[in-house]
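Inspection log for the structure reproduced underneath, given as structure tokens.
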Amino acid sequence: MPFLEVKDLIIGLKKRNIPLIDKVSFTLEKGEILGILGESGCGKSLTGFSLLRLFPSGVSYYSGKVLIDNIDLYSLSEKELSKIRGKKVAIILQDPLSSLNPVLTIGEQIAEVLKHHFNLNSKNRRERIYELLKEVGISEPEIRAKSYPHQLSGGLRQRAMIAMALAGEPELLVADEPTTALDLTLQIQILELLKDLNQKKSLTIVFISHDLGVVRWISDKIAVFYAGEIVEIASTEEVFNNPLHPYTQALIESYPREGKIRKILKGSPVNLLQKPSGCRYFERCENPCKEGKNIHPDLINAGKNHWVRCFKYGNVSVFGRN
Amino acid sequence: MEMSQFLVEIKNVWKSYEIRSFWFKKQKFYALLDVSLKISKGEVIGILGESGCGKTTLGKIILDLEKPDKGEVFWFGKNLKYISRREYKSLRSKIQAVFQDPYSSLNPRYKIKDILLEPYFICIENNKKKGLEKAKELLNQVGLDQNVLNEYPHALSGGQRQRVALARALMVSPDLIVLDEPTSALDMTIQSQILELLKNFKEKIGLSYFLISHSLPVVFYLSDWIIIMYLGKIVEICKKEFFNSVDHHPYTLMLLEAHLDPFSKKPPFKKEIKGEVPSALFRPSGCVFYSRCKERQKMCLKKSPKLRKINNLQYIACFKR
């Protein structure tokens, strides 16, 4: 029984019938890190938010399932949901300055989470806040707990965010580009911290990023998104050593490597509002196949638990289409 | 009139800014300390550094958008302090800029046509027909269709806008373009397209760039020389070919270690990198990198090391090198 299971999840715009993420399915064992890779607008952040059943305005749930530890997230009431959010699954965001409350101290913000989920007296609560801050590598937690977000540096702010996310002792952490706004030497420290938490507490992490290097080294498994769907999902080693989908190949080849770019992918990502009926990568594909023009390929197993959405690796799904 | 071999030369430039805190107490901090560099024709200089290290300020000094507190700036061998208005105007168009965010650097109320023609009218000549011809030719070169001439910026994607920004800089036939994080707002596949375009222009028409970036692979891809800055100071200047070696300033080594290369063989997490860049308001005395340096000595706390020539390919500011 996998710890996290996402099954045919479709989420899209409320008014128009346009799915923004389309039939996304994946499973994750406890303690695994899944890296989600993709360009802007491909639905990677939305997938992250959907694991907490949080949506931006105008977006709603169509169909599919998200099972966290066998709890169906989309069948819960709001009240039940508030017991899950923060406790079972938490999120950290890209920009800590805009996602922390500027008028509350770090300590007060962590206390909010603790008050909601645990029944602690004020002394124990304070102890717990210091413990959490220490855990994420903040020295002098007694002083830092009393500071406001603007008084902290970028690295400390991101650490405080992680402390807040950990306050409910979640088992699943969604990290939405947590290091994109940080400097190089800070980024590696935050990644080391997340990797540590993953190993010590067997925290399951869904890590969303557009940076190949970051995803390569943090995750056990990678899902590559293109135009709202998964085009390839496999173990990290497989994706980097044996990429099958032409888009994944192009992503890897277009990364400047030793001062050279091996291949340049022409064109720009598909507009989700006018996506083609066939293969969504058809227009940018170097050698597109005939079927791709009108028929939408399914995710097929190309061996070794390596799934890819491309006709070149067999046209298996006869059942699905007829 | 003799022309200098350097497009831009900067000598011992200092630049400070003032911050007014809540109690109206003025605080002064230095963004640049004693920075000198030269840019030759056809060369690409890449500046690498973390946020707040003064790399953007240096770009502004080169563009003459900021005046230095101390020190001198030369354009084509001419000191900007003593240059005549007419000469200044003729040189002004030779140094152009492309900024990070293509969404805010193009006027939303202008059509692409007008965006491209405006610098041409001001700097070259007031001839609409010739200007439009040049604009069409440049759009073709940056890989855009002529139809975009009548569009407004909002109708274009991020990558297309950055191409327009590049075409606008090229409208006045510059010798040097200051690129301030030209690809960091773009998607991965678009980034490689723009990088290739920039490299092509460098090779075809001998354009020089002053490239400001925090991304190691981007700087490494385009530059001939790589300059590493820390807290307003240049700590190392290094020829690109030499960048893969192991003899570097301790900070450069830290950056190399912190960079996550998707193609390296060894996992990068060694837990050796600690701390953050200190605030420029509380600048340490002595070496700027003292607080985070692994190889620090007592003397580093007292004296600040000067940039020294190690060999023809490398200059380092460190006592131990």
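Of note:
- Dipole of the protein assembly as shown, positive direction: furthest Cα of A:GLY86, A:GLY12, A:LEU299, with charges on the beta-carbon: A:GLY86
- Efficiency of FRET between B:ILE19 and B:PHE319 - r from beta-carbon atoms, R0 41 angstrom, step 0.05: 0.85
- 3J(HN,Hα) along the range B:211-220, derived from phi through the Karplus expression 6.51 cos²θ - 1.76 cosθ + 1.60 where θ = phi - 60°, amounts to 9, 9, 7, 10, 9, 4, x, 5, 4, 5 Hz, with x in place of Gly and Pro.
- All other residues whose Cβ lies under 15 angstrom from that of A:ILE18 are scored, Lys and Arg at +1 and Asp and Glu at -1, for a net of +4.
- Sparsely packed loop sites in the range B:24-100 (the trypsin sites (Lys or Arg not before Pro) outside DSSP H, G, I, E and B with at most 13 other Cβ atoms within 10 Å) comprise B:LYS25, B:LYS81.
- Rg to Rh, two decimals, where chain A supplies the alpha carbon set and Rh follows Kirkwood: 0.99
- Remark on the range B:248-321: ratio of C-alpha radius of gyration to 2.2 N^0.38 Å is 1.26.
- Calculated diffusion of the range A:102-169, Stokes-Einstein form, Kirkwood radius summed over Cα pairs, 4 °C and 1.567 mPa s, µm²/s: 112
- For the range B:91-179, GluC sites (Glu not before Pro) are listed when DSSP marks them as loop and at most 14 other Cβ atoms sit within 10 Å of their Cβ; the list is B:GLU125.
- Unit charges on C-beta of K, R, D, E only; dipole of the protein assembly as shown, Debye: 1600
- Relative to the 2.2 N^0.38 Å rule of thumb, chain B has a C-alpha radius of gyration ratio of 1.06.
- In Hz, Karplus ³J(HN,Hα) per residue of the range A:170-180 (6.51, -1.76, 1.60; θ = phi - 60°; x = Gly, Pro): x, 9, 10, 10, 9, 10, 9, 6, x, 10, 5
- In this Cβ point-charge picture (+1 for Lys and Arg, -1 for Asp and Glu), chain B has a dipole of about 1180 debye about its Cα centre.
- Dipole of chain B, positive direction: furthest Cα of B:MET188, B:GLN314, B:LEU231, with charges on the beta-carbon: B:LEU231
- Within 10 Å of each Cβ in B:209-221, the average number of Cβ atoms from other chains: 2
- For B:CYS318, distant residues with modelled amide H under 5 Å away: B:ARG308
- Two-site FRET efficiency, B:LYS89 against B:GLU272, from Cβ-Cβ distance with R₀ of 45 Å, rounded to 0.05: 0.30
- Mean Kyte hydropathy of -0.5 or more with a Cα span along the axis of at least 24 Å, helices from DSSP in chain A: A:184-201
- Here the scattering of the protein assembly as shown is modelled by Debye summation over its C-alpha atoms, one equal scatterer each and no solvent; at q = 0.07, 0.12 Å⁻¹ the log10 of I(q)/I(0) is -0.51, -1.40.
- Net +/- balance of residues flanking B:SER40 in space, Cβ distance below 12 Å, scoring K and R +1, D and E -1: -2
- Each Lys and Arg contributes +1 and each Asp and Glu -1, all at the Cβ; summed about the Cα centre of chain A, the dipole is approximately 600 debye.
- What the Cβ-Cβ distance of B:ARG109 and A:ARG16 gives, at R0 = 35 Å and to the nearest 0.05, is a FRET efficiency of 0.75.
- Out-of-range pairs (alpha-carbon distance over 18 Å; input A:LYS15/A:LYS44; B:LYS271/B:LYS294; A:LYS83/A:LYS115; A:LYS123/A:LYS146; A:LYS134/B:LYS266; B:LYS41/B:LYS204): A:LYS15/A:LYS44; A:LYS134/B:LYS266
- Inter-centroid distance (Cα atoms) of the range A:90-105 relative to the range B:263-321, Å: 32
- Placed amide H near B:GLN100: partners under 5 Å, 5+ positions off or other chain: B:ASP180
- Restricting the GluC sites (Glu not before Pro) of the range A:236-300 to loop positions (DSSP other than H, G, I, E, B) with no more than 11 neighbouring Cβ atoms within 10 Å leaves A:GLU258, A:GLU286.
- Most positive-pole-ward Cα, A:TYR130, A:ALA160, A:ALA250, against dipole of chain A from beta carbon charges: A:ALA250
- Shape category assigned to the range A:61-100 from the gyration tensor of Cα positions, a/c cut at 1.5: prolate
- Note on A:212-220: average number of Cβ atoms from other chains within 10 Å of each residue's Cβ is 4.
- Inter-chain neighbour count for A:259-267: the average number of beta-carbon atoms from partner chains within 10 Å of each residue's beta-carbon is 5.
Bear in mind these aren't lab numbers, they're just calculated from the coordinates by the rules spelled out. Everything numeric here is computed off the predicted structure, so don't read it as measured data. Cβ atoms come from the backbone with ideal geometry, glycine included; neighbour counts cover every protein chain shown.
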